[in-house]
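The values are calculated or read from the model by the stated rules, or taken from the named source; none is laboratory data. All figures in this text were calculated on a predicted structure; none of them were measured in a lab. Please note: Cβ atoms are built from the backbone with ideal geometry, for glycine as well, and neighbour counts cover all protein chains shown.
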Ligand SMILES: C[S@@+](CC[C@H](N)C(=O)[O-])C[C@H]1O[C@@H](n2cnc3c(N)ncnc32)[C@H](O)[C@@H]1O
């Protein structure tokens, strides 16, 4: 698909990396931001929820803001957020009564940021530096959620900063591992969720899931106008992995 057509532009990994670099360097990058009626710290090199609607969409999908909590997602019990970033979803899940709440990220600055925000709001969240599940022992969870770096970069792309981990996944290697491993980490009756979008390659994700013996069910979707010029129509998806 060409760069000039809508889907090619939307899914271009170079454009996502440009967005990553701009979000790090912007002179107006805040040290604090407001979301879901609360103020949050933002540590350098951590995904900034202020430049993209994806964090807020994730909160809606999880039923942590608004009145859109959806069936199954508002079950109680333990909650694991993979890729916690600044920790907003994990903190709000803990404040909503989920327990225990564990928040994991491959970016150590995100782990630090989540601890700061958990302390700031008096939430019990254990933040862990982890590549997906590798730092988590053999714990199992009632809900596992990842709002992913859904743009696919070429297989041989090498990350240039910790921040880029929030934007692209070379060859969907990490998505493949998540599809395989998340269901194995569930407590009986638990649910493994992936927040993905049309900035990613949805058909390739379904193909990968099939190759891993998994099936993806779309349980929520939301279309949002976003991008630097507010002219990218992006469909956000909440997928359940079976
Ligand atoms: C799109 S950001 C979402 C951040 C945060 N949940 C939010 O909504 O604001 C994706 C997050 O996944 C993390 N991530 C990427 N690869 C990971 C991996 N292999 N293990 C754990 N976290 C990872 C990134 O560092 C980033 O914080």
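Identify all residues within region 1-18 that are in a helix (DSSP H, G or I), out of contact with any helix residue (DSSP H, G or I) (no Cβ under 8 Å at 6 or more places or on another chain) and modelled with pLDDT of 75 or more; write none if there are none. Quick ask: steps written out before the conclusion?
Here is the first cut: in region 1-18, the ones in a helix (DSSP H, G or I) are 6-11, 13-18.
Within this subset, residues satisfying the condition of being out of contact with any helix residue (DSSP H, G or I) (no Cβ under 8 Å at 6 or more places or on another chain) are 6-8, 10-11, 13-14, 16, 18.
Within region 1-18, 13, 14, 16, 18 meet the criteria.
Across region 100-119, which residue is farthest from the ligand (Cβ to nearest atom) among those that are more than 17 Å from residue 40 (Cβ to Cβ) and touching a residue at least 40 places away in the same chain (Cβ under 8 Å)? Working first, answer last.
Here is the first cut: in region 100-119, the residues more than 17 Å from residue 40 (Cβ to Cβ) are 100, 102, 104, 106, 108.
From what is left, the residues that are touching a residue at least 40 places away in the same chain (Cβ under 8 Å) are 106, 108.
Numbers: 106: 4, 108: 10 Å.
That would be 108.
Within the bounds of region 212-225, is there any residue that is crowded, with 21+ Cβ neighbours inside 10 Å and either farther than 28 Å from residue 112 by Cα or in contact with a helix residue (DSSP H, G or I) (Cβ under 8 Å, 6 or more places away or on another chain) (or both)? No, there is no match, as no residue in region 212-225 is crowded, with 21+ Cβ neighbours inside 10 Å and either farther than 28 Å from residue 112 by Cα or in contact with a helix residue (DSSP H, G or I) (Cβ under 8 Å, 6 or more places away or on another chain) (or both).
Here is a list: 46, 50. Which entry is within 21 Å of residue 109 (Cα to Cα) and assigned to a loop (DSSP other than H, G, I, E, B)? Working first, answer last.
On the way: 50 fails: assigned to a loop (DSSP other than H, G, I, E, B).
It is 46.
Looking at 122, 63, 97, 77, which is the one that is more than 9 Å from the ligand (Cβ to nearest atom), more than 19 Å from residue 200 (Cβ to Cβ), touching a residue at least 60 places away in the same chain (Cβ under 8 Å) and surrounded by fewer than 22 Cβ atoms within 10 Å (Cβ to Cβ)?
Details: 122 fails: touching a residue at least 60 places away in the same chain (Cβ under 8 Å); 63 fails: touching a residue at least 60 places away in the same chain (Cβ under 8 Å); 97 fails: touching a residue at least 60 places away in the same chain (Cβ under 8 Å).
On inspection, the qualifying residue turns out to be 77.
Entry remark, region 215-232: residues being in contact (Cβ under 8 Å) with a residue 24 or more places away in the chain and either touching a strand residue (DSSP E or B) at 6+ places or on another chain (Cβ under 6 Å) or in a strand (DSSP E or B) (or both) number 8 in total. Count of region 78-92 residues, restricted to those that are over 12 Å from the mean Cα position of the chain (by Cα) and within 21 Å of residue 178 (Cα to Cα), is 2.
Just name the residue that is farthest from the chain's Cα centre (by Cα) out of those in region 200-214 that are within 21 Å of residue 81 (Cα to Cα) and part of a loop (DSSP other than H, G, I, E, B).
Per the stated criteria, the residue is 214.
Out of 176, 217, 140, one residue alone is farther than 19 Å from residue 80 by Cα, modelled with pLDDT of 95 or more and more than 14 Å from the chain's Cα centre (by Cα). It is 217. Only residues that are touching a strand residue (DSSP E or B) at 6+ places or on another chain (Cβ under 9 Å) and touching a residue at least 12 places away in the same chain (Cβ under 8 Å) were counted in region 23-38, giving 1. Find the residue count for region 125-139, including only residues that are in a loop (DSSP other than H, G, I, E, B) and more than 14 Å from the ligand (Cβ to nearest atom). Qualifying residue count, region 125-139: 3.
Note on region 140-188: residues that are assigned to a strand (DSSP E or B) and free of Cβ contacts under 8 Å to residues at least 40 places away in the same chain total 3. Among the residues of region 25-60, the ones that are within 13 Å of the ligand (Cβ to nearest atom) and within 24 Å of residue 234 (Cα to Cα) come to 18 in all.
Is it the case, given these coordinates, that residue 93 is under 23 Å from residue 218 (Cβ atoms) and modelled with pLDDT of 95 or more? Yes; evaluated as a whole, the condition is true for this residue. Within region 165-177, if we keep just the residues that are more than 8 Å from the ligand (Cβ to nearest atom) and surrounded by 20 or more Cβ atoms within 10 Å (Cβ to Cβ), the residue that is nearest to residue 16 (Cα to Cα) turns out to be 168.
Just one residue in the set 159, 165 is over 15 Å from the mean Cα position of the chain (by Cα) and at negative phi; that residue is 159.
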